[in-house]
Amino acid sequence: METETQPQGCGLTCWTRQLSVVTAEADKHGLAHLERSIGMLLRVVREQLKLEVVFVGEFVAGERVFRHISAQAKALVVKAGQSHPLDKTICQRIVDGRIPRLLRNVREERAHYELPEYYEVLGGHIGVPVRFEDGSLYGVLCGFSFTACDHLDERDVKRLEMAASAAARLLAQAEGHDVDRSGLPVN
């Protein structure tokens, strides 16, 4: 099933409805459908926030590992399974609170936040932690583009937080954990 996304301007009620549809479908089927639901969730986020790449990264043994990715064909620069040392990532710095969750233009902010040179190619970046219902950290839900993202604002950070909660629920289900089916977990 393909989930149709709404045009820009989709409010929080619309956003919540879209996330609920994606996660509700996962409740009805097995692991393969959970994986597909995570992919659909990332596609909804990417299209709604007008980003080139959106991914879920897991923090494992000092590395950020790309687990799930939605990218425009021309922007496929990361692959599932690739990893980077956490201490070199924007993702870890977001979780630590050393960098804001929204950088509209990484290129302009790179030196200020002492980011490695390879971030010079990034325009906008947005990211939030992905936490399970018990508060344990899985990793991050992040998105980026190669051009500046002046269109993003704090409402979009809130939307990403909601999507991270939905992703946490799907990931917990995929790992065989019981989840609260009454709604999306709080991230």
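Each label point was placed 7 Å from the Cα along the Cα-to-Cβ direction; for Val121 and Thr147 their separation is 1.8 nm.
Lys and Arg at +1, Asp and Glu at -1: add these up for the other residues within a Cβ distance under 12 Å of Gly143 and post the number.
Details: positive: Arg43, Arg46, Lys50, Arg101, Arg159; negative: Glu47, Glu52, Asp156.
The answer is +2.
Each value in this text was obtained by applying a stated rule to the coordinates, not by laboratory testing. Remember, predicted model here, so these are calculated numbers, not experimental data. Please note: Cβ atoms are built from the backbone with ideal geometry, for glycine as well, and neighbour counts cover all protein chains shown.
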